[in-house]
1. For the range 63-82, how many residues are within 10 Å of the chain's Cα centre (by Cα) and within 17 Å of residue 35 (Cβ to Cβ)?
2. Do we have any residue at all in the range 31-43 that's touching an Asp or Glu at 6+ places or on another chain (Cβ under 7 Å), surrounded by 13 or more Cβ atoms within 10 Å (Cβ to Cβ) and farther than 15 Å from residue 92 by Cα?
3. Can you name every residue in the range 9-45 that is among the polar types (S, T, N, Q) and not in a strand (DSSP E or B)?
Amino acid sequence: MIAAESQVTHIVAEVIDSVGVIVPDQHIEIQFDVQGPAKTIGVDNGDLWSIESYTANYRETRDGRCLLVLKTNGEGKITVTATGGGLKSSALILNSY
């Protein structure tokens, strides 16, 4: 990822079962923790009726998925951790340069 104000990254969080299949009927609030030279600029799940804030650090899944949009603000390692609903947490490491 290039460290420029105009660079954004879309990260899709999916609720999956023990064999890796998406679980579409789960509505679980996923919380995102972003560490490093990036900030959250949006979250979404495609639900037009949702009243959740688009600028929060959490989103309820719809059809087993939700979206996090990040914007870089410098160079370095970015760690995104997703947790929620008693599920195993997951982390993604990105490099901004």
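1. 6
2. No: zero hits.
3. 18, 26, 45
Read-outs: derived from the displayed coordinates by stated rules, not from any lab. Note that the structure is predicted; figures quoted are calculated from it, not measured. All Cβ positions, glycine included, derive from the backbone under ideal geometry; neighbour counts span all protein chains shown.
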